[in-house]
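> Have a look at this one.
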Amino acid sequence: MTCVLELQFWSRNDDDDDDDSCCNVDFSGGNVNLITSIECWERKIEEARKDNKTVIANFSASWCSPCKTIAPFYCELSNKQPSLMFLVVDVDELSDLSSSWDVKATPTFFFIKDGKQFDALLGANKAELQNKITAIVDSKKPCHT
């Protein structure tokens, strides 16, 4: 069960009711789960632990240009690597969760196994994100002698 399959970041400007207030970051068609509450976060982390999956958690923001730029690539990675769990957290919507993970910049990617962080990546560096994910996937492949 996923929390949401498509992500739309909504502007924090409550006075603006125009359609322009919606900044779409489209993860539809991808294997990305939008985390909308701490309960949802805990449920997905526990699901990943039970399924022996590594989590890639993208702490992002609607106003962040690099976050918007890397979103399609993140979605593409989620499609290519179904053995991993891809999450996205809006730092403004879940500020308590973001603070508990000591997020200081967006995007920040955390790599989590068994509920514990083992790596992180600050910024929208596609090559480095790809390298870290490739290393995780390669480490799970059986060794042939």
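Bear in mind these aren't lab numbers, they're just calculated from the coordinates by the rules spelled out. Keep in mind the model is a prediction, meaning the values are calculated, not measured. Ideal geometry is used to build each Cβ from the backbone, glycine not excepted, and the neighbour counts take in all protein chains shown.
> With the checklist (1) surrounded by 14 or more Cβ atoms within 10 Å (Cβ to Cβ); (2) of a type in the set (S, T, N, Q); (3) part of a helix (DSSP H, G or I) in hand, flag the one item Ser139 doesn't pass.
(1)
> Among the residues of the stretch 58-78, write down those that are within 15 Å of Leu34 (Cβ to Cβ) and not in a helix (DSSP H, G or I).
Asn58, Phe59, Ser60, Ala61, Ser62
> Six or more apart or on different chains, Cβ atoms under 7 Å: show the pairs whose first residue is in the stretch 80-99 and over 12 Å from Val55 (Cβ atoms) and whose second is assigned to a loop (DSSP other than H, G, I, E, B) and of a type in the set (Lys, Arg).
Pairs found: Asp92/Arg12.
> Return yes when Lys53 is over 15 Å from Asp90 (Cα atoms), without any contact (Cβ under 8 Å) to a residue 60 or more places away in the chain and touching a Ser or Thr at 6+ places or on another chain (Cβ under 8 Å) and no when it is not. Break it down into steps so the answer makes sense when it comes.
Details: over 15 Å from Asp90 (Cα atoms): yes; without any contact (Cβ under 8 Å) to a residue 60 or more places away in the chain: yes; touching a Ser or Thr at 6+ places or on another chain (Cβ under 8 Å): yes.
For Lys53, the condition - over 15 Å from Asp90 (Cα atoms), without any contact (Cβ under 8 Å) to a residue 60 or more places away in the chain and touching a Ser or Thr at 6+ places or on another chain (Cβ under 8 Å) - is met.
> Could you list, in sequence order, the residues of the stretch 79-107 that are part of a helix (DSSP H, G or I) and within 17 Å of Glu128 (Cβ to Cβ)? Working first, answer last.
Of the residues in the stretch 79-107, the ones part of a helix (DSSP H, G or I) are 79-80, 95-100.
Correct list: Lys80 only.
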